[in-house]
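Visitor: Before I ask anything, here is the structure I am working with.
Computed from the coordinates by the stated procedures, all read-outs in this text should not be read as laboratory data. Because the structure is a prediction, the values reported are computed rather than measured. For neighbour counting, all protein chains shown are included, and Cβ atoms are generated from backbone atoms with ideal geometry for every residue, glycine included.
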Amino acid sequence: MNRKIKSICHAFVANDIHTYIPDNSQENHFVITSLLCKKCNTLWDTSLVECYFCGDLNHYLYTCTVCGSMYSITRAKVRCECNDKNSKLIKACKNPACPTNTDSELKIVAEKEGGVFDRKSSFKLSLNYCQSCGNPSNFYKTYRVFIYEYDGKNTEDFIKNNSIEEDDLIIYKKKVDDTILYDYLVIKTLEEAKNYRPKFDKSDLKSIIDKIFSQGQ
């Protein structure tokens, strides 16, 4: 795989899109896939976790077991400012109505596990509901991605030379002065795609990535 394709491949990785490079180094494409909400097509953040008991998300906070003060988990100091000898900082659920905060037995177990959101805790789950619309269903959207260093011609020859199929994705790339501009095309039908001419109205890949996955099924 050539260096120019790899650089765009890395841009998808940087935007949290699962990216796969074919084993055959001669392949001229890579594969991207991401989890989307089945109802509204919003990206489904697989890195988010929620509380098993109440569904509240991980807020990345430490909570003092004595006074309830909260601190960012990035803070260097690992003790609460209350300085109580019984104080521990745990990654508790932030929802005050959560059973792990209201039920005495669950509260003890959660504390022993370092809080609901501790790495070793059994009280957390991967995200179960879309953060945009609340829908519980999701699906993976996958594309083969081809990079077209645009030469001013229509897309027909590029499609033919690269064995491009329906539902593949072409990213057009062109350097204008000192700026690299982009456009893209998701292939719905090969016949329609053959005469597509890119507009090059996008100067970054992030906007393309957002639009690609907002198209849904």
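Visitor: Can you put I159, I170 in order, fewest other beta carbons within 10 Å first?
Guide: I159, I170
Visitor: On a full-extension model of 0.36 nm per residue, what is the gain between I73 and T142, subtracting their alpha-carbon distance, rounded to one decimal in nm?
Guide: 21.4 nm
Visitor: Mind checking the dipole of segment 49-126: about its Cα centre, +1 per Lys or Arg Cβ, -1 per Asp or Glu Cβ, Debye to the nearest 20? Present the calculation step by step, with values, prior to reporting the outcome.
Guide: Working: 12 positive and 9 negative charges, 75 e Å.
For this selection, approximately 360 debye.
Visitor: Let me ask you something else. Going 7 Å from the Cα of K194 along its beta-carbon direction, which residues of segment 142-164 have the amide nitrogen within less than 13 Å of the resulting point?
Guide: The answer is 154-161.
Visitor: So if we plug the beta-carbon distance of C133 and T102 into 1/(1 + (r/R0)^6) with R0 = 22 Å, what FRET efficiency do we get, rounded to 0.05?
Guide: So, using R0 = 22 Å, E works out to roughly 0.15.
Visitor: Through the Karplus equation 6.51 cos²θ - 1.76 cosθ + 1.60, θ set to phi - 60°, convert the phi angles of segment 151-167 into ³J(HN,Hα) values in whole Hz; use x for Gly and Pro.
Guide: 10, x, 8, 6, 8, 4, 5, 5, 4, 5, 5, 10, 6, 6, 10, 4, 6
Visitor: Tell me the label-point distance for the pair D23, L48, using the 7 Å Cα-to-Cβ offset, in nm and rounded to one decimal.
Guide: About 3.6 nm, to one decimal.
Visitor: Same structure, new question: What Kirkwood Rh does segment 49-126 have if only Cα atoms enter the pairwise 1/r average? Answer in Å.
Guide: After inverting the mean inverse Cα-Cα distance, the result is 12.3 Å.
Visitor: Measure off 7 Å from each Cα along the Cα-to-Cβ vector at D204 and V109, then give the distance between these two points in nanometres to one decimal.
Guide: So the label points at D204 and V109 sit 4.6 nm apart.
Visitor: Sticking with this one: So which of K39/K153; K6/K160; K39/K107; K38/K202; K160/K206 end up more than 32 Å apart, counting from Cα to Cα?
Guide: Violating the 32 Å Cα-Cα cut-off are K39/K153; K39/K107.
Visitor: Still on this model: Taking the Cα centre of the chain as the origin, how large is its charge dipole in debye, to the nearest 20, when only Lys and Arg (+1) and Asp and Glu (-1) carry charge on their Cβ atoms?
Guide: It comes to approximately 640 debye.
Visitor: Could you compute the net charge surrounding Q131? Neighbours are other residues with a C-beta less than 11 Å from the C-beta of Q131; K and R count +1, D and E count -1.
Guide: Numbers: positive: none; negative: D45, E50.
After counting each charged neighbour, the total is -2.
Visitor: Related question: Mind checking the alpha-carbon convex hull of the chain and giving the volume per residue in Å³?
Guide: Hull volume normalised by residue count: 168 Å³.
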